[in-house]
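What follows is a single structure, written as structure tokens, with notes after it.
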């Protein structure tokens with residue numbers, strides 16, 4: 001078995017880009033999974049069996065990373081800067097933080113509103129729209145990965161993390177409403 005490329009994009013024969021062809025990614029994943037399935041190499045416990053197992057694990061990890069827009073953005077930042085994700089990013093700007101506080105307030109008020117499901121649906125729609133807009137910004141920034149654009153991408157990724165956390169809280173609230181009192 002030949003060694004797999006180190007770069008996840010090369011592994012899936014995709015250009016290094018935030019935007020990608022999800023269909024092609026899924027097709028290449030299925031083909032690579034079939035080629036690296038550990039059970040194809042028998043149940044031998046020796047080192048020869050460990051190679052396909054590592055390859056299969058790497059293929060799965062690469063697929064999960066490239067499939068998820070936030071993980072893909074973190075990976076691209078690491079490729080371009082040598083630094084992982086958002087750890088060194090400054091806090092999002094004040095206006096964004098105020099928006100998030102307003103969303104959190106709306107989320108807490110949704111529970112006691114006359115129609116909590118409708119209020120939650122509105123919040124989830126707003127979160128999805130904001131996330132989509134930020135994903136589009138990331139696409140443009142990674143298309144021209146200057147140091148300034150990469151720093152802006154890092155900040156946008158941090159904003160996406162805030163939105164994702166709020167979305168998870170809204171989903172949890174929706175689940176609790178579905179379970180009833």
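So that you can scan it fast, the table gives a plain yes or no per residue for (1) at pLDDT 90 or above; (2) within 21 Å of residue 105 (Cβ to Cβ):
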{"site": "123", "(1), (2)": "yes, yes"}
{"site": "131", "(1), (2)": "yes, yes"}
{"site": "170", "(1), (2)": "yes, yes"}
{"site": "176", "(1), (2)": "no, yes"}
{"site": "179", "(1), (2)": "no, no"}
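Quick check: is even one residue across segment 165-181 part of a helix (DSSP H, G or I), within 22 Å of residue 15 (Cα to Cα) and touching a residue at least 60 places away in the same chain (Cβ under 8 Å)? No: segment 165-181 contains no residue that is part of a helix (DSSP H, G or I), within 22 Å of residue 15 (Cα to Cα) and touching a residue at least 60 places away in the same chain (Cβ under 8 Å).
Among the candidates 157, 127, 141, which residue alone is in a helix (DSSP H, G or I) and more than 20 Å from residue 20 (Cβ to Cβ)? Walk me through it before giving the result.
Details: 157 fails: more than 20 Å from residue 20 (Cβ to Cβ); 141 fails: more than 20 Å from residue 20 (Cβ to Cβ).
Sole residue among the options that is in a helix (DSSP H, G or I) and more than 20 Å from residue 20 (Cβ to Cβ): 127.
Of the helices (runs of 4 or more DSSP H) contained entirely in segment 5-101, those carrying at least 1 residues that are modelled with pLDDT under 75 fall at 47-67. With the requirement that a residue be exposed (fewer than 13 other Cβ atoms within 10 Å of the Cβ) and under 18 Å from residue 102 (Cβ atoms), what does segment 123-164 give you? Those that are exposed (fewer than 13 other Cβ atoms within 10 Å of the Cβ) and under 18 Å from residue 102 (Cβ atoms): 125, 128, 129, 133. Selection within segment 103-118: residues that are loosely packed, with under 12 Cβ neighbours inside 10 Å and either at pLDDT 90 or above or under 16 Å from residue 147 (Cα atoms) (or both). The member of this set that is farthest from the chain's Cα centre (by Cα) is 114.
The values are calculated or read from the model by the stated rules, or taken from the named source; none is laboratory data. As the structure is a prediction and not an experimental result, all values here were calculated from the model. Quick reminder, even Gly has a Cβ in these numbers, built from the backbone with ideal geometry, and neighbours come from all protein chains shown.
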